[in-house]
Ligand SMILES: NC(=O)c1ccc[n+]([C@@H]2O[C@H](COP(=O)([O-])OP(=O)(O)OC[C@H]3O[C@@H](n4cnc5c(N)ncnc54)[C@H](O)[C@@H]3O)[C@@H](O)[C@H]2O)c1
C-alpha cells in the first residue's frame, strides 16, 4: 500500500490555466516520485455543467461542481487551486482559507493591494499553506540566473530591464469583458498590462534583484471604447493597454520596464537583462532554455557573451527531464511549481512566492498605476520577498 500523502485538489476554472495546472498535477508523481505529498485530481469546477463534466473526464478528475462554494464545502478536498479571472481571487481565497484549505492562487494575487492584504490576513490567520503561480521563477534558466546573482558573481548591480510585449488587442473591434476577453475589462482584471504582464516582470525582478522602492510610470489606453460582451453596450475601456515605468531598487540599481499589447509582431516577448559590475545576464522567453551570460573576468582575448543551453542535469530542475541538449517548455514551469509546493509540504516550509510575497508585487503594480495617473514618483512600500 502507498505511504504517500494525497493532496486532493479542488480546481476552480477550466480555461488556459485550468488546463496547464491539470497537466502539472498529472506529471508530478511521474517526474518527482520521491515526494511524500502527491497531488490527486479530486474536483474541478466551472459554471457550465456540460463543459466542466467533459473537462473532468478529459483530465481525470474524480468529480465536478458548477459552484466554487460547493468545492470549498467538500470534505474530500485539501487544496483549492484558483484559476479564475482576477476579480474572483479574493472571495474564493478568503472562503477557502476560512474552511482550512491550502490555496494555490493564480497571479496577480488580486486586483488591488487592499484585496491582497485581506487575502494575506486570511491565509496567515488560518495557517494554511499558500502559493501564487508566478511560474517564470521556475524556468530552469531563470532559476539559474537567481543562483548566479545570489552567488555574487555579478558584483554590484547597476541595471535591471524587462519587457513583456504582445500584439493581440490592436483590433479596435475586439469586444471587452466575458469569456476569453475579461482581461480587457477593468472590473474583472483590475488593470491591463500592469497586472497581467508587468506583474510577472516585477515578481521575477524583485526575486532576482531585491525590492523596488519607488516608481515613475506612464500608461496609455489606445482604444478608448469597446463593446462589452456581457451588456452589448459600447463602454469606456478602463485598462492600461501599455505601461512603461522606471524605478529604483533598494540595492541602488535602476530599473526599466515596458509592457504592451500593441507591439505588432510580438506574441509574448518576455525578456530581462541584468548588468552588474563584473557580469551581465539576459534571458528571453522565446528561447527559454537559453541563458546569456557575459563575464568580464574572462580572459580578455576570448571574452564575449556566452549562450548557455540550460538542459544539463546539474542545472536547475533538468535532472528530472530528458537528456542534455533536449529542451523543455512553458508547461514544465507549472509542473515545477506543483512539485515545489508538494516538496514544501514534505519539508514543512513555505512555497515561494507566498501570498505575502505576491502582495509586494501588488504594491509595486498599484504604485505604478498611481504614478501614471498622478504623473509623479510614487514610493511602493514594497519589502523584500522570501524564497
Ligand atoms: N501564470 C501565468 O503565466 C498565467 C497565464 C495566464 C493566466 N494567468 C492567470 O490565471 C487566471 C485565469 O486566467 P486564464 O487565462 O486561465 O483565464 P480563462 O479565461 O482561460 O479561464 C477562466 C476560467 O474561469 C472560469 N470562471 C470564471 N468565473 C468563474 C466562477 N465564478 N466560478 C467558476 N469558474 C469561473 C471560466 O469559466 C474559465 O473556465 C487569471 O488570474 C490570470 O491572470 C496566469
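Per-structure values
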quantity: Estimated inter-spin distance, residue 384 and residue 34, nm [label 7 Å along Cα→Cβ]; calculated: 2.9
quantity: Stokes-Einstein D in µm²/s, Kirkwood radius over Cα pairs - region 327-387 at 37 °C with 0.692 mPa s viscosity; calculated: 237
quantity: Inter-label distance for residue 91 and residue 220, nm, one decimal - labels placed 7 Å from Cα along Cα-to-Cβ; calculated: 3.6
quantity: Considering only the chain, percent of DSSP beta bridges that pair antiparallel, nearest 5; calculated: 60
quantity: Cα gyration tensor, region 159-247 - rounded (a/c under 1.5), prolate or oblate; calculated: prolate
quantity: Contact order relative to length of the chain, as percent, for alpha carbon pairs under 8 angstrom and 6 or more apart; calculated: 20
quantity: At R0 = 25 Å, FRET efficiency that the Cβ-Cβ distance of residue 331 and residue 250 yields, to 0.05; calculated: 0.15
quantity: Percent RCO, i.e. relative contact order, over region 59-164, from Cα pairs under 8 Å lying at least 6 residues apart; calculated: 20
quantity: Between region 272-300 and region 345-387, the Cα center-to-center distance that results, in Å; calculated: 25
quantity: Per-pair calculated FRET efficiency, R0 = 41 Å: residue 167 and residue 347 via Cβ, rounded to 0.05; calculated: 0.45
quantity: Contour minus Cα-Cα distance for residue 69 and residue 307 (0.36 nm per residue); calculated: 80.8 nm
quantity: Length-normalised contact order for region 5-135 - Cα pairs under 8 Å, 6+ apart - percent; calculated: 23
quantity: Rounded, prolate or oblate (a/c below 1.5 giving rounded, otherwise prolate when a/b exceeds b/c) for region 138-379 by Cα gyration tensor; calculated: prolate
quantity: Cα gyration tensor category, rounded, prolate or oblate, for region 294-375 with a/c compared to 1.5; calculated: oblate
quantity: Projected label distance in nm at residue 62 and residue 370, using a 7 Å step from Cα toward the beta-carbon; calculated: 4.6
quantity: Theoretical gain in end-to-end length, residue 321 to residue 23 [0.36 nm per residue, Cα-Cα removed]; calculated: 105.8 nm
quantity: Alpha carbon centroid spacing (whole Å) that separates region 39-103 from region 165-199; calculated: 24
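Every number here is computed from the coordinates shown, using simple stated rules; none is lab data. Small disclaimer: the values here were computed from a predicted structure and weren't measured. Here the Cβ is made from the backbone with ideal geometry for all residues, glycine too, and neighbour counts use every protein chain on show.
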